[in-house]
1. Report the relative contact order of segment 22-87, percent, no decimals, based on alpha-carbon pairs under 8 angstrom and at least 6 residues apart.
2. Peptides 25-36, 8-19, 100-111: what's the order by average Cβ count within 10 Å, highest mean first?
3. Specify the angular offset, from 0 to 90 degrees and rounded to the nearest 10, of the alpha carbon long axis of helix 58-67 from the longest principal axis of the alpha carbons in the chain.
4. Run the paramagnetic zone check for residue 79: 7 angstrom along Cα to Cβ, then residues of segment 47-69 with backbone nitrogen under 19 Å.
5. Please give the helix 93-110 orientation as an angle from the longest Cα principal axis of the chain, in degrees from 0 to 90, rounded to the nearest 10.
6. Just subtract the alpha-carbon distance of residue 15 and residue 118 from 0.36 nm times their residue separation and send over the number in nm, one decimal.
7. Residue separation times 0.36 nm, minus the C-alpha to C-alpha distance between residue 22 and residue 109: what's the value?
8. Is it possible to state the helix-based mean residue ellipticity at 222 nm for the chain, with each DSSP H run of 4+ residues giving -39500 (n - 2.57), the sum divided by total residues, to the nearest 500 deg cm²/dmol? What is it?
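Each reported figure results from applying straightforward, stated rules to the coordinates on display, with no laboratory input. Remember, it's a predicted structure, so these values are computed and weren't measured experimentally. Using ideal geometry, Cβ is built from the backbone for each residue, glycine included, and neighbour counts are taken over all protein chains shown.
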């Protein structure tokens, strides 16, 4: 996938998630998606290359980075809990979809129950059917 394709797919997925909002707290060149006021996805450019930054479980993050050159540590974020996606060989639309959804679910799971727009465990179970 090209960098712009990775960005477009990430935005497309994020826009469909319950209670996800798009904000620009760092300027117009930074698309920041939040749920419950917490960031789960950032879409921007790094040295002219479109990138996507999202939350990821540390174990999963390490495995993804080790096995895929299109995944690097999170740009300007905690390197253990965030990853950056680049549009290169090894990046697929399905992987982007899964990673954006997983990032959203990780953030939702940390929200107080009353602020959760969906039950993150139930949402994943329904998708698997």
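1. So the answer I get is 24 percent.
2. Per-residue Cβ counts within 10 Å, averaged per peptide and sorted highest first, yield 100-111, 8-19, 25-36.
3. 30
4. In segment 47-69, the label zone of residue 79 (backbone N under 19 Å from the point 7 Å along Cα→Cβ) covers 47, 52-69.
5. 40
6. 35.6 nm
7. Taking 0.36 nm per residue and subtracting the Cα distance, the gain is 29.4 nm.
8. Estimated from H runs of four or more residues: -12500 deg cm²/dmol.
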